[in-house]
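Single-structure report; data block below.
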Amino acid sequence: MDANVDRNRLHVPAVAGLYETLAPLSYTLIRVALGLILIPHGFNKLFLADAVPASRNFVNFGWAYPLAWAYFIGALEFFGGIMLAIGLYTRVIAAAVAIEMAVISVAVLWPNWSWGRRGMEYALFMGVVALAIFFRGGGRWSVDNLLRKEF
């Protein structure tokens, strides 16, 4: 990642050093933030009472075993969120999250959605971020990088 900052383009040239220092962390910040956002949603599905309400979506889709699907999504969000935050199997988890957010956006929220209602913009944004992470992988500050292996 290019962290060189053109001081002549900055309104406050004195901050160039700060930008150059912190710029390499920006991608990691985005990956960790998405993982940390997912963790409590999965926790609630796995360990509290949110799996049953989440399973109603799968009933509406006509899928078999809706409660099992809700627990699967809970596991993806909880354990996948942890893995995304630390950068382990980043591309696999990011692809799964992108698919989940696409399903939430299109099949769950879209039919009754209008901007600022029902939260589709959040699911859509998280899906786009997950897709970008899928393209990029774990990055410099990830377990994938330490293992020197990625999907």
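The table for this structure:
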| quantity | calculated |
| --- | --- |
| Subset of region 1-15 that is among the hydrophobic types (A, V, I, L, M, F, W, C) and touching a Pro at 6+ places or on another chain (Cβ under 7 Å) - its residue that is most open to solvent (accessible area, probe 1.4 Å) | Met1 |
| Residue that is surrounded by the fewest Cβ atoms within 10 Å (Cβ to Cβ), among those in region 103-119 that are under 22 Å from Trp63 (Cα atoms) and among the polar types (S, T, N, Q) | Asn112 |
| Single unsatisfied condition, Arg91 versus (1) open to solvent by less than 40 Å² (accessible area, probe 1.4 Å); (2) of a type in the set (D, E, K, R); (3) at pLDDT 95 or above | (1) |
| Which listed residue, of Tyr65, Tyr89, is aromatic (Phe, Trp, Tyr) and touching a residue at least 12 places away in the same chain (Cβ under 8 Å) | Tyr89 |
| Whichever residue in region 120-139 is closer than 11 Å to Val97 by Cα, surrounded by 18 or more Cβ atoms within 10 Å (Cβ to Cβ) and touching a residue at least 24 places away in the same chain (Cβ under 8 Å) and, among such residues, is farthest from the chain's Cα centre (by Cα) | Phe134 |
| Condition met for Leu36 (open to solvent by 40 Å² or more (accessible area, probe 1.4 Å), in contact (Cβ under 8 Å) with a residue 40 or more places away in the chain and either closer than 15 Å to Phe78 by Cβ or part of a loop (DSSP other than H, G, I, E, B) (or both)) | yes |
| Members of region 41-83 found to be more than 18 Å from the chain's Cα centre (by Cα), within 16 Å of Ile99 (Cβ to Cβ) and aromatic (Phe, Trp, Tyr), listed by number | Phe58, Phe61, Trp63, Trp69 |
| Total residues in region 140-151, condition in contact with a helix residue (DSSP H, G or I) (Cβ under 9 Å, 6 or more places away or on another chain) and open to solvent by 100 Å² or more (accessible area, probe 1.4 Å) | 3 |
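Rundown of residues vs (1) buried (at least 18 other Cβ atoms within 10 Å of the Cβ); (2) at pLDDT below 95, yes/no style:
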| site | (1), (2) |
| --- | --- |
| Gly17 | no, yes |
| Glu20 | no, yes |
| Leu25 | no, yes |
| Thr28 | no, no |
| Phe61 | no, yes |
| Pro66 | yes, yes |
| Tyr71 | no, no |
| Gly81 | yes, no |
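The values are calculated or read from the model by the stated rules, or taken from the named source; none is laboratory data. As the structure is a computational prediction, the values presented were derived from the model and not from experiment. Neighbour counts run over all protein chains shown; Cβ positions are idealised from the backbone, glycine included. Heavy atoms of the whole protein, side chains included, go into the accessibility calculation; ligands, DNA and RNA do not. Shrake-Rupley method; radii C 1.70, N 1.55, O 1.52, S 1.80 Å.
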